[in-house]
Every structure is written in structure tokens, then in C-alpha cells.
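Below is one structure, written out as C-alpha cells; the observations come after it.
The values are calculated or read from the model by the stated rules, or taken from the named source; none is laboratory data. Worth saying up front: this structure is predicted, and the values here are computed from it rather than measured. Neighbour counts run over all protein chains shown; Cβ positions are idealised from the backbone, glycine included. Each accessible area value is taken on the protein alone, full model and side chains, heavy atoms only, with ligands, DNA and RNA left out. Shrake-Rupley method; radii C 1.70, N 1.55, O 1.52, S 1.80 Å.
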Amino acid sequence: MLAVADSGKQRSFRVIAARWWRQPDQFEWLSGYFQARGLAAPTRRLMALVSVALVGMPLGLLPTPVHHSPVSTIIVACSAAVGLGYATIWWRGWPSRRQSLSMIACGGLVAIATLLSAEPVQALMSSTGLVVLSAYLGFFHSIRAAVLSIAAALFIGGVLALRVAAVAPDTALASTGFWVLVEVCVALPLAIAIVVRTLGADVVRSDHDSLTGVLNRRAFYQRVVALLTAPSSALRLVVIVIDLDKFKQLNDTFGHYAGDQALTAVGWALRHANTATAIIGRAGGEEFIVVDCLSQQDAEALPERLRADIAALPHPITASVGAAIVALSTVTDPSASITNLVRTADAAMYHAKRNGGNQVHTRRPDS
């Protein structure tokens, strides 16, 4: 019996560990969280300072009495330049997920600079600075990125510790330096990743409608305003209002449980029919709102695709869909613009409903 229990615990641990490992990158929701709560500006300044801290690590390897090779000096200079570049990106605005992840390049250059350093003790001390990169990845990105960064830092620390042991009179300095690296580079990033994930789970629960799984009204508008802070002339903004047809009749005929099942199915259909950038909310009752930034062709096609997906559900329900499509570059005041576009899409939805329902009506205010 004990063996069976232990086996069950091991399987449970493996399942939890695998689920933890597969968790998606958290950059998008964390960025939206900071922007929606007015914390984007101070966070950007803090991240700029973190990037500047990466500059100090490689530069600290240069002022030694030991002669450095030209290659080592060039790599140190490049890593410092990359760190300054990322400091500039963060200072000027919020980076994209790809720009944020590419900060790994700075950490890679720092790692190479420490390995090429002619002074092994100083290189081992400087390698502890790689915790900055691991902690950054644990905070903004996935646990996988943080763990891979930690593994790279430990490998580099191990190599440098062996170099120190080869030249030092005893191995105490090498072992102490390596274990300091282990404690700092493992404990801090993992602790940050766990705390952020735990807070993220609470944020997700508080922002989502429990029945349909889409955003509640408050969270929806916060996310949309954050989305519209960086307009691009290459995209179209599409705002879609969806109202289920004859929903009261469904409740009266089959009961409220059937109505709840239909709402749950519609929430599922909307989440699976949209792109990764779509913001989906429940406005209340049987009304939903979808906002996305897409190419002209995709923006025009999305409302009809959503109507068809709802009609195809195994529930006796259809939807009237209204859409408003404008160039994203025309959005100057996010709050006022989204209010006006929702009003326009809502009017288009009622036009579709008056014409019999289960159809789409689109308006283009800027054309």
C-alpha cells in the first residue's frame, strides 16, 4: 500500500511539474496589468535601470592588471552597448515581447565576456550578475526561459570555478564563489517566477466572468485602453458587439440551466475563434464585445466568422453581430475612441437584429 501511495505521489508531482513547465509566457498579461493600473511608466524606468546594471558587469572585467585579448575587449564593449540599447528601449516606451526576450543576447555576451576574461577570480564574481537576466526572465516571461538561463549561469559558474581552483592556492575560494552563484542564481529567479505566477492566477480569476470564461466588463475596458496606447497605421481596429437572438425565449422554454450552458458555449466559441491578440468581454446578460487589431482583410472577415461559429454551436441559438472598423492610426484618445466605437457597433448590432437576427452589419466611421 505504501508503494502504491508513493507511486501516486510521484505521478502527481510529475503532473504538477509538467503543468508548471508548460505555462505560457506571461509578458502580455503582465504588460496589460501594469498599463491598465497606471504602473507602466515607473516599471519602464526600473527596467531601464536593470538594463544599465547589465552594462556594469562586463565593464567590471576590464580594469585588471592582466592583459585582455582584443576579442575579449570587443565582446565586453558589445555587451555594454547592448545593455545601453535595452535601457534606451525601456526608457522610451514599452517593448514588444520579442524585444523583451531578445535581452537574452545581452546576457549571452556577458557570459562570453566572463569566460574569456584573463582574471578568473574577477570573472567568477562578475558571473553572479547573470542573476539579473534570470530574474528578469522569471518575472516577465516563462519559467522555461528562467530555468534555461539559470542552467546556463550555473554551467558558466562551474567552468569559472574550475579555472579559479586551478590557479588559487586552495579550493575554498572556488567552491565558495560557486555556491554563492548557485544560491543567488537559483533562489531569486525561481522565487520571483513563483510569486508572479501566483499573483497572475489571482488576477486572471478576478478579471474573468466565471460563467463564460471571457473578461468581465471592468477588465475588458482596461485591456482595450492598454491595447490602444501604441497605434500602428498598418492595422485596422475592429470592435464587435454580439447579442444572442431570442435568448429570453430559450430560458423560458428550456430553463435557465440551458441558458447558462448556451452562454458558456458562446464564450468558448469566441475564445477559440479569435486571434491571440483579441480582447473578449461579456458586457452583461447575453451581450459580448470583441476588440482586435488586424489587417484590413482579417478585420472585415472576423464578424461573420464569429456569427457563423455561434450558429454552429449545438444549442438552439444565433447572434446578431454589429461591427465598427477604423484605421488604428486614427485613434488618438483610447478611452473616448473605444466608447464611441462600442456605441457605433452596438447601433449596427441592433440594425442586424431588426432585420431578423443571425446576421452581421458593419459600419466604417472613418470611410
Problem - Complete set of residues in region 163-197 that are open to solvent by 50 Å² or more (accessible area, probe 1.4 Å) and of a type outside the set (A, V, I, L, M, F, W, C) - result: ARG163, PRO169, ASP170, THR171, SER175, THR176, GLU183
Exercise for the section: Mind telling me which of the residues ASP333, ASP298 ends up being open to solvent by 60 Å² or more (accessible area, probe 1.4 Å) and touching a residue at least 12 places away in the same chain (Cβ under 8 Å)? Expected result: ASP298
Problem - Condition met for ALA283 (open to solvent by 20 Å² or more (accessible area, probe 1.4 Å), among the small types (Gly, Ala, Ser) and more than 22 Å from ALA219 (Cα to Cα)) - result: no
Practice task
Determine whether region 75-94 contains at least one residue that is modelled with pLDDT of 80 or more, touching a Phe, Trp or Tyr at 6+ places or on another chain (Cβ under 6 Å) and either in a helix (DSSP H, G or I) or open to solvent by less than 40 Å² (accessible area, probe 1.4 Å) (or both).
Solution key: no
Problem - Restricting region 239-268 to residues that are open to solvent by 20 Å² or more (accessible area, probe 1.4 Å) and among the β-branched types (Val, Ile, Thr), the residue that is modelled with the lowest pLDDT - result: THR253
